[in-house]
Amino acid sequence: MIFNKETEFVTKNSYEIKAFPLGKEIDISKFIDAEKLYVMSFNKKTIVSGNFVSSASENKQAVVSRKFLDALSKEPHLYQAPLKSC
């Protein structure tokens, strides 16, 4: 007897980055270079569909530089390494 079974799944990742200047929320007069910092919220949602459906969400928050935001927005799928370093 030979039994073969195939399954097919589609994975969809969506990324949402929200950011605003740190000075919008707090007094930054005591911070060095605070006008260059941003409060960031990063959301990743993964949906797998096929023979079964599952979803997972991740949310990260950090205070980051504009350079970091620009790099993250270009390649959000590589977010793990930069977030560990900030």
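Structure data summary
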{"quantity": "Count, lysine Cα pairs under 17 Å in the stretch 12-86, 8 or more residues apart or across chains", "calculated": "16"}
{"quantity": "Sparse-neighbour loop sites [trypsin sites (Lys or Arg not before Pro); the chain; at most 15 other C-beta within 10 Å; DSSP]", "calculated": "Lys5, Lys30"}
{"quantity": "Fewest-first ranking of Phe52, Phe68, using other Cβ atoms within 10 Å as the exposure measure", "calculated": "Phe52, Phe68"}
{"quantity": "Percent RCO, i.e. relative contact order, over the chain, from Cα pairs under 8 Å lying at least 6 residues apart", "calculated": "27 percent"}
{"quantity": "Size-normalised alpha-carbon gyration radius of the chain, reference 2.2 N^0.38 Å", "calculated": "1.59"}
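Read-outs throughout are calculated quantities, based only on the coordinates presented, and are distinct from any laboratory measurement. Keep in mind the model is a prediction, meaning the values are calculated, not measured. With ideal geometry, Cβ positions are generated from the backbone for all residues, glycine too; neighbour counts draw on all protein chains shown.
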